[in-house]
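All remarks here apply to the structure that follows.
Since every read-out is calculated from the coordinates, none of them should be taken as a lab result. For clarity, every value in this text was computed on a predicted model and none was experimentally measured. Here the Cβ is made from the backbone with ideal geometry for all residues, glycine too, and neighbour counts use every protein chain on show.
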Amino acid sequence: MSRHSSARPSRRALLGTGLAAGITVLSNAPALAADRSYASVGTHERSLARRTAPAFLRSGRPSLSHGIASGDPTGDGAVVWARSDQVARMTVDLSRTPDFARVTTVAGPVLTEATNFTGKVDLRGLPAGRELFYRVTLEDPDRHGVGGEPLAGRLVTAPRSRRTGVSFLWSGDMVGQGWGINPDLGGITIFDRMRALRPDFYLNSGDTVYADGILSETVTLPDGRIWRNVTTEEKSKVAETLAEYRGQWAYNLLDEHVRAFAADVPQIAQWDDHEVTNNWYPGEVLDDARYAEKRVDVLAARARQAFFEWMPIRPVRRDPDGRVYRKIAYGPLLDLFVLDMRTYKDANTDGLETVPDGGVLGRRQQSWLTRELLASRATWKVIANDLPLGLVVPDGDTAIEGVAQGDPGRPRGRELEFAGLLSTLRRHRVRNVVWLTADVHYAAAHAYSPERASFTDFDPFWEFVSGPVNAGGFGPNVLDPTFGPEAVFVHAPPVANASPLDGYQHFGEVSIAGDSGELTVRMRDQDANVLYAKTLQPAKA
């Protein structure tokens, strides 16, 4: 088809390529306009966006300034993302072959300053279980034929058959604790190791940026070695303005390895705290001299807008919250439940409350998670929790940032949410539930069992921890005995904030076999060496 064909390809073209039956051009605006925290600063925020967004002059041909990406893959669709250096129309070509000999062409949105020149196309009606290739081109909307050089990528749709296996990666914690893109190392090369495994998708488990993480040009390590950083203006201070939050994602995409990975591996993104600021919760007022804007709700609204602009995430339609939590149905073997343990979080206290008072999920998200888990018919139900369940994560001397608080007795505080969920799953015989997380900057495998627990009304389950991919190494954290966890595997540095040079960067790999349904988790280091592996047998529901 012609590169300039309409957004609804002809029936003949669709039959010829066997690709999209229907395409949706996705705007960033609806999810943000529906978001309550964004609406709370409404006119002021949109005015701020106009003032702080960089001004681009339309001169020459538009170009893809930060690569391309895809995300939220399902059995019949995916989101394709791009960013221009000026006003331009985004066009996506789809093909079954990398040479693009036969294509279906989709006219996407015009990328403007309103969304920081980012845009997405929501592809629907794709064939299930197929490796597909996409190509993004930008064109001046007022000058026909004036376009930039295209970029091509790869994506995989979820399988329809149980005989087709699934393989994906997960990790988190990116450019944290002062460790950025190091030109002496050739950049963030762990993404080349991950890309070489050719996963179906990547679960980006939170702390996808460090908006509160300042980068200096050099860092002197305890042994005298010098770490050098690529630096930008937006990474020279904590992010407060919309432009500064946008600059956090722009920084990560300066790295060629990150861009290549994003083009070839679809992402499923969630957020945690550092997309806004450390350990934040709604309603918080900061006591931090680095911030002129102390209201976390205002900062979170700006950060959320930048997150939805710069990540290949599909907003949940007809949703009043503009939510991050969602289910990705990835064929008959896997349902992935992506949690948001930040937006609805209660204040950080000692965590010893004896009655539910908010938790980290909120009532609506907890009801959604329970309902969807009970309804799931997938062999495996994988829950992406951006905060670990059994590890004690402190916030200062007396408050708790995470779920567990170290008290060995019955569930208290935020544990009450999960005690209720675990009991419901046991009562309804919901099997094959696995939890994946990051956040604590080391790798671990935790086996939870009622035989070791003070709370016993649940079935045994596993939680696997990975990360960081390019941040300081920490840990291990203390385990809370309430749900009976045992640290079967731990790989953590001997000192806090170990640099990526010290070798404690991690990502995890999950493989589900199409024949047996077995789920295997492999914990890998920055060179993709397998440090630990665990195979789980599927139980009948």
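In table form, for the structure just shown:
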| item | result |
| --- | --- |
| Difference of contour (0.36 nm per residue) and Cα-Cα distance, Arg160 to Ala533 | 131.6 nm |
| Folded to 0 to 90 degrees: helix 36-52 orientation relative to the chain principal axis, Cα | 50 |
| Crossing angle, helix 363-375 versus the chain [Cα axis fit, 0-90 degrees, rounded to tens] | 90 |
| Helix-only [θ]222 nm of the chain, DSSP H runs n ≥ 4, -39500 (n - 2.57) each, per residue, nearest 500 | -5500 deg cm²/dmol |
| Relative packing of peptides 512-520, 387-395, 460-468, 370-378 - highest average C-beta neighbours within 10 Å first | 460-468, 387-395, 512-520, 370-378 |
| Dipole magnitude of the chain, debye to nearest 20 (Cβ charges: Lys/Arg +1, Asp/Glu -1, about Cα centre) | 2740 |
| Qualifying aspartates and glutamates (Cα of each under 13 Å from Cα of Lys540; at least 8 residues distant if same chain) | Glu518 |
| Cα centroid separation - the stretch 438-485 against the stretch 405-436, whole Å | 13 |
| Per-pair calculated FRET efficiency, R0 = 41 Å: Ala260 and Arg377 via Cβ, rounded to 0.05 | 0.70 |
| Rough spin-label spacing in nm, given labels placed 7 Å along Cα→Cβ, for Glu217 and Arg295 | 3.8 |
| Rounded, prolate or oblate (a/c below 1.5 giving rounded, otherwise prolate when a/b exceeds b/c) for the stretch 209-330 by Cα gyration tensor | oblate |
| Crossing angle, helix 296-310 versus the chain [Cα axis fit, 0-90 degrees, rounded to tens] | 50 |
| Cα-centre dipole for the stretch 120-255 with unit charges at Cβ (Lys and Arg positive, Asp and Glu negative), debye to 20 | 960 |
| Set of lysines with alpha-carbon distance to Lys237 below 30 Å, sequence-local pairs under 8 removed | Lys120, Lys294, Lys345 |
| Nearest-20 debye value, the stretch 259-396 charge dipole, Cβ charges on Lys, Arg, Asp, Glu | 800 |
| Packing rank of 230-241, 140-151, where each peptide gets the mean count of other beta carbons within 10 Å, highest leading | 230-241, 140-151 |
| Full-extension gain in nm, Asp397 to Ser516, via 0.36 nm per residue minus C-alpha separation | 38.0 nm |
| Length-normalised contact order for the chain - Cα pairs under 8 Å, 6+ apart - percent | 14 |
| Whole-angstrom gap from the stretch 323-340 to the stretch 272-299, using each part's C-alpha centre | 28 |
| Cα shape, the stretch 186-269, gyration tensor, a/c 1.5 rule | oblate |
| Extreme residue, positive dipole direction of the chain, given options Ala262, Ile188, Thr437 (C-beta unit charges) | Ala262 |
| By average C-beta atoms within 10 angstrom, highest first, the peptides 202-215, 413-426 | 202-215, 413-426 |
| Cα shape, the stretch 292-380, gyration tensor, a/c 1.5 rule | oblate |
| Nearest-0.05 FRET efficiency for Glu233 and Glu451, computed from C-beta distance (R0 60 Å) | 0.65 |
